[in-house]
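Enquirer: Supplied in C-alpha cells, the structure appears directly below.
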Ligand code: ATP
Ligand code: MG
C-alpha cells in the first residue's frame, strides 16, 4: 500500500527500490553519475534500521570523505529520527580503522593513546634513519622512500612481503630494510602514519581470529560508497570483514561507477569493483540508468566525452528532465580574465537570488585557485576552499612570504625564524636559542641580534659565517627592493637563497606542485607596484575566512568534489598541459590520459543546471608567457550539447581555430589588445573596511637592522677582569660599542658581546 509506505521508499525508482529492499546477501550497484547510488545507499540504511534488522551500531558504512559521512548521517537521521543516534561505524576508511586500532593498539605493539603522525613528521623520521644508516640523502631522498612506503601500505604489504622488484625500488635493494627500520621506530615512539591504520588492522585480523570474528559478528551489514576507488589494503580489509563466519550470508552492498575511478595514482584499483561478483558468488548486480541530477545537455556532454575512453564497461544514462542550457565553453585571453569573467557571472547569479553555496569552481590543480581567490577578494565575493590549504597558507608560499616580509620589515621575528634555516643552512636550534637570548636581553629583533653576534666568537665559526652570509644576502635583497619590481625581487630571492634549488632537487610529486605555486605567486605579484601593497593584499586574503556562517562560493579540486553536486559549476583551465595535466601527457600512457578523461567526466557531472568550461589562450608559467591550446577534451564534447563563445574576438569557434595557430597565438588579437586586470575594483573598499592596513605598519617598521644596535655597557672598561660563560676568565683589552676584545686566561683573544660577560 503506497499510502503507508516508508518515506525513504516513496520516491525510489524500481532498481533503486530493489537495491534498498535486497538487504540480505551481496549487492553491487554499478551505475553512472547522478543516478542515485548514494541516495539508495542512504535509504537502505534507513530501511535496515527501521525494520530492526540491525542496530545503528551494527552497520559498517564506508564513505569517501568525512563530509559525505556527515551528510549521510544527517539524511538517515532525517528519515528515521533520533533512532540513528550516532552510528559509530559510519565514516571514512581512515576514521573507522583509527577507531578500531584504539581498541586493539597493544596487538600492533602500540599503546591506545598512539599518535598519528603527519607527512612532515614522517619525512623527518625517515631522514634521521637515512642519515643514521650513512646513506646519501641526495641520492636517496626521504621523499622517495616515503612514496615507496605509502605505495606498499596501500597494497597491503608489510616489510616482509616485498618482492625483489619492490625491494629494489629504494637504495639498491634496501627498501625492505628501511621500511622495517621505519616501522620499528614508529612503534618505539608509540606512533603510526595514515597508511598504518588499515594495515595494522589487517594484520591484527589475520593474526587474531577472535578479534576478526568479533567484528564479523558485530557488522550485520556492510555498505561502501565509491567502491571503484578502493585500493588493495582497503579491499582486503573489507573482504575479511564480509567473509568468514560459516553459514552466514555476506550482507555487503557496494556502489560505484567505473567511469569515476580517479584515484589510481593513490593505488586505487578499479578491478576491485569488477571482480566483486567473483568474490561474492550470487551477488545481485543492480544497474541504474536514470539520472536525476543534471539537464540533458550536461548529461549529453559528459556521456559524449567519456565514450572516448576504451577501457570501460559502458552504460547509457537518460533523464526525464527537459530544457536547460547547453554547456558553455568560453575562451578568454588569460587567467586574470578567466577569474574576472567567472566573478562577473557569479555576481550576476547572486543578484538573481541564487545562494552562493550552490555554486562551485572546480580546478584540476591547486595552483589554479590563486587567481580566483585574489579576484574574489578584490570584488568582495565570499568563497571557501575545500580539501586543501588556501593558496597563501601553503607551506612554500608562507616560506616565500616570510622572505618578503623580512625584507620590508627586519623586525619580523616570526618571518626570521621561518626562513633562518630554510633551506637547510646548517643553522641549528642552539644558535637560534642564543640569538633569542641576546635579542631578548637587548629588546631587539632576531635579525639585529644575528647581525650583532655574527662577527663575534659567541657563535661557532661555521654558524657565524653562515649567518653573516645570510645577513649579507638580506642587505643585498633589501637594496634590490628599491629598484626591482616585487615579482623580480621574489624570483631573485627564491633563487639566491637556494629555495628554488631545494624544491628542484626533490623529485616528488608534491615538489612539482610547489614550484608551480611559487611561480604562480610571482605571477600574482606582477599586479603590484610595491612589495608593501602586495603584502597588504595578502593579509586581506588571509582575513577572508573571518565570517564563517555566510553563504560562500566553493573552490575545490575535482578530486575533492567526488560525489557532490552544485547548481552551477565553473570549470576553468581546460587547456593542454593543465587539463589534461602536463604530467599525464609526459607519461604518455593511454591509462593516464583516460584517468584524466574520467576526471573531466566527474567534473561535468557535478553540475545540476549549468556547466561552464573556460580556457585561456595564454598562461604565464614560471614567469614566461606561453600560448596554450584548448584541452582536447573540449574537442571531444558533442557539438550538439555545447555553446562556444570567446570574449576576445566574439568568434564562436576560436578555440577550434587555435589548434592551428600554435606559432602565433597573438595574431588574431592584433586589433583587440587585452586589458590589464584592475586589482582594485569597487569592492575593494568593502573588503578592506574591517581590516587594518598592514602596509602602513610595514612602512613604519622598515628600518634597517643596524638601527637596532644595542647600547654598550658603561660599567666595563679596558683592563677589567671579566667572566664569560663559555671562555672563562679574562681581561678586557679593547672596547668597540658593545663588543669587547678579551684576552682569556685559557689563552687567546676573543671578540665577544659585553652582555655575555660578568665583571669579577
Ligand atoms: P555520483 O556518482 O556523482 O556519486 P550518485 O549516483 O551517488 O552520484 P546521488 O548523489 O545519490 O547520485 O543522487 C543524485 C541526485 O539525484 C541527488 O540530488 C538525489 O537527491 C537525486 N535523486 C536520487 N534518486 C532520486 C529519485 N528516485 N527521485 C528523485 N531524485 C533522486
Ligand atoms: Mg554518490
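Read-outs: derived from the displayed coordinates by stated rules, not from any lab. No experiment lies behind these values; they were computed from the predicted model shown. Methodologically, a virtual Cβ is constructed for each residue, glycine included, from the backbone with ideal geometry; neighbour enumeration extends over all protein chains shown.
Enquirer: Sort the range 177-239 into rounded, prolate or oblate with this rule: let a ≥ b ≥ c be the square roots of the eigenvalues of the Cα gyration tensor; rounded if a/c is under 1.5, and if a/c is not under 1.5, prolate when a/b is larger than b/c, oblate otherwise.
Expert: Verdict is oblate for the range 177-239.
Enquirer: If N is the number of residues in the range 136-283, what value comes out of its Cα radius of gyration divided by 2.2 N^0.38 Å?
Expert: For the range 136-283, the normalised Cα radius of gyration is 1.18.
Enquirer: Using a Debye calculation, one point per C-alpha and no hydration shell, please list log10 I(q)/I(0) for the range 224-290 at q = 0.22, 0.23 Å⁻¹ in order.
Expert: Cα-only, vacuum Debye calculation for the range 224-290: -0.97, -1.05.
Enquirer: At a temperature of 37 °C and a viscosity of 0.692 mPa s, determine how fast the range 400-462 diffuses translationally according to Stokes-Einstein, using the Kirkwood radius over alpha-carbon pairs as Rh; express D in µm²/s, rounded to the nearest whole number.
Expert: Numbers: Rh = 11.9 Å.
For these conditions, the coefficient is 275 µm²/s.
Enquirer: Can you list, largest first and rounded to whole Å, the semi-axes you get for the range 244-325 by taking the square root of 5 times each eigenvalue of its Cα gyration tensor?
Expert: Square roots of five times the eigenvalues give 31, 17, 10 Å.
Enquirer: Related question: Scale the Cα Rg of the chain by the rule-of-thumb value 2.2 N^0.38 Å and send over the ratio, two decimals.
Expert: Taking the Cα Rg and dividing by 2.2 N^0.38 Å, one obtains 1.12.
Enquirer: Further question: Relative to the longest principal axis of the C-alpha atoms of the chain, give the angle of the C-alpha long axis of helix 175-188, reported between 0 and 90° and rounded to the nearest 10°.
Expert: The two axes meet at around 80 degrees.
Enquirer: Under the Kirkwood approximation for Rh and a Cα-based Rg, what ratio Rg/Rh is obtained for the range 585-640?
Expert: Ratio of gyration radius to Kirkwood radius for the range 585-640: 1.02.
Enquirer: Scale the Cα Rg of the range 373-436 by the rule-of-thumb value 2.2 N^0.38 Å and send over the ratio, two decimals.
Expert: Normalised Cα radius of gyration, the range 373-436: 1.46.
Enquirer: Here's a follow-up. Which of the peptides 321-329, 38-46 is most tightly packed, and how do the rest follow, going by the mean number of other Cβ atoms within 10 Å of each residue?
Expert: 38-46, 321-329
Enquirer: At a 10 angstrom cut-off on C-beta neighbours, averaged per residue, how do the peptides 737-745, 568-576 rank from highest to lowest?
Expert: Highest to lowest by the protection proxy: 568-576, 737-745.
Enquirer: From the square roots a ≥ b ≥ c of the eigenvalues of the alpha-carbon gyration tensor of the range 209-351, which class results: rounded (a/c under 1.5), prolate (a/b over b/c), or oblate?
Expert: Prolate, since a/c reaches 1.5 and a/b exceeds b/c.
Enquirer: To continue, here is another question. Hey, got the Cα dimensions of the range 293-417 along the principal axes, in Å, largest first?
Expert: Principal-axis extents of the Cα atoms in the range 293-417, largest first: 65, 41, 27 Å.
Enquirer: Could you work out how far the C-alpha centroid of the range 13-85 sits from that of the range 318-380, in angstrom?
Expert: Using only Cα atoms to place each centre, the spacing works out to 33 Å.
Enquirer: Under the definition of Cα pairs under 8 Å and six or more residues apart, what whole-number percent is the relative contact order of the chain? Don't skip to the end; give the middle numbers.
Expert: Values: 1214 pairs, mean separation 116.6, N = 760.
Relative contact order here is 15 percent.
Enquirer: Further question: Over the Cα atoms of the range 440-537, each weighted equally, I'd like the Debye log10 I(q)/I(0) at q = 0.12 Å⁻¹, rounded to two decimals.
Expert: -0.55
Enquirer: Moving on. Once every DSSP H run of n ≥ 4 in the chain is given -39500 (n - 2.57) and the sum is divided by its residues, what mean residue ellipticity at 222 nm do you get, rounded to the nearest 500 deg cm²/dmol?
Expert: Roughly -13000 deg cm²/dmol at 222 nm, from the helical runs in the chain.
Enquirer: Just to be sure I understand: of the beta bridges DSSP finds with both ends in the chain, what percent are antiparallel, rounded to 5?
Expert: Given both bridge residues lie in the chain, the antiparallel proportion sits at roughly 35 percent.
Enquirer: When you count, for each residue, the other Cβ atoms within 10 Å and take the mean per peptide, how do 720-730, 131-141 rank with the highest first?
Expert: Descending mean neighbour count gives 720-730, 131-141.
Enquirer: Over the Cα atoms of the range 1-115, how large are the radius of gyration and the largest Cα-Cα distance (Dmax), in Å?
Expert: 16.2, 56
Enquirer: Just to be sure I understand the curve: with the Debye formula and one point per C-alpha of the range 38-168, what is log10 I(q)/I(0) at q = 0.13 Å⁻¹?
Expert: -0.75
Enquirer: For the range 132-203, what is the Kirkwood estimate of the hydrodynamic radius, computed as the reciprocal of the mean inverse distance between distinct Cα atoms, to one decimal in Å?
Expert: For the range 132-203, inverting the mean 1/r across all distinct Cα pairs yields 12.5 Å.
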